[in-house]
Amino acid sequence: MNAIFALVFLFSLLLFLLRDPDGFLPAMLAGAEKAGVLCVSLLAVYCVWLGFFKVLERSGISEKLTRAAYPLARRLFRTKNREALTPAVGNLCANLLGLPGAPTPLGVRATAGFLKENNRYGASMLFVLNATSLQLLPTTAIALRLAAGSVSPADIFLPTLLATLLSTLLGGLLCALLVRK
């Protein structure tokens, strides 16, 4: 895949240099500037939400949420293993808030816990729920739209909620029907 991207980039570079050699450097610098602004914007959003998660963790609220979600998670993942369920619930909560990078370590820990007890169904269900990623608050998409100068970046809230709800329900149903414990 890296080779394909490199070839596309080199071909585009060559084409740009042949068609507009004077515009090449300004276009590259403008693109780099936009990329830098976007990275700083996303970094700020991630810092805020990761700090929020840390506050929830230190205050004990995350543990209370995990205990409240335990009966549902136990049925959803078909296990009673708390070592796997606690990070799985944390992973799903982080995905609900639209943070694609934050739940990864929790998902890895939960999957390892499921596979340790030979619960292929639980690992598969977690993978499906992460892939479909039900998002109550699509923070990353809103941040990207805000950084791009959107007049109303939160307009995607309802369509995102409906699309991810449908994909999560369908994915979870297919996983429940097709994957055996």
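The values are calculated or read from the model by the stated rules, or taken from the named source; none is laboratory data. Computed from a prediction, not measured in an experiment: that's the story for all the values here. Here the Cβ positions follow ideal geometry from the backbone for every residue, glycine too, while neighbour counts run over all protein chains shown.
Of all residues in segment 1-38, exactly one satisfies the criterion of being surrounded by 10 or more Cβ atoms within 10 Å (Cβ to Cβ), under 29 Å from the mean Cα position of the chain (by Cα), modelled with pLDDT under 90 and farther than 24 Å from Leu146 by Cα, namely Phe9. Just one of the listed residues (Ala102, Ala94, Ala88, Ala68) is small (Gly, Ala, Ser), closer than 23 Å to Leu161 by Cβ and surrounded by fewer than 12 Cβ atoms within 10 Å (Cβ to Cβ), namely Ala68.
Of all residues in segment 158-180, those satisfying the criterion of being hydrophobic (A, V, I, L, M, F, W, C), modelled with pLDDT of 90 or more and either farther than 19 Å from Asn91 by Cα or loosely packed, with under 15 Cβ neighbours inside 10 Å (or both) are Leu158, Leu162, Ala163, Leu165, Leu166, Leu169, Leu170, Leu173, Leu174, Ala176, Leu177, Leu178. Residue count for segment 111-149 satisfying the condition of being at pLDDT 90 or above, farther than 22 Å from Ser167 by Cα and either of a type in the set (Gly, Ala, Ser) or in a helix (DSSP H, G or I) (or both): 5. In the set (1) farther than 17 Å from Arg74 by Cβ; (2) modelled with pLDDT under 90, Gly90 fails one condition alone, (1). Among residues of segment 57-86 being within 24 Å of Leu115 (Cα to Cα) and of a type in the set (Lys, Arg), the one that is farthest from the chain's Cα centre (by Cα) is Lys80. Number of residues in segment 98-134 that are under 20 Å from Phe52 (Cα atoms) and under 9 Å from the mean Cα position of the chain (by Cα): the value is 8. Pairs are defined by a Cβ separation below 7 Å, a sequence spacing of at least 6 or placement on different chains, a first member in segment 43-56 that is within 14 Å of Cys93 (Cα to Cα), and a second member that is part of a helix (DSSP H, G or I) and not small (Gly, Ala, Ser); the pairs so defined are Trp49/Thr139.
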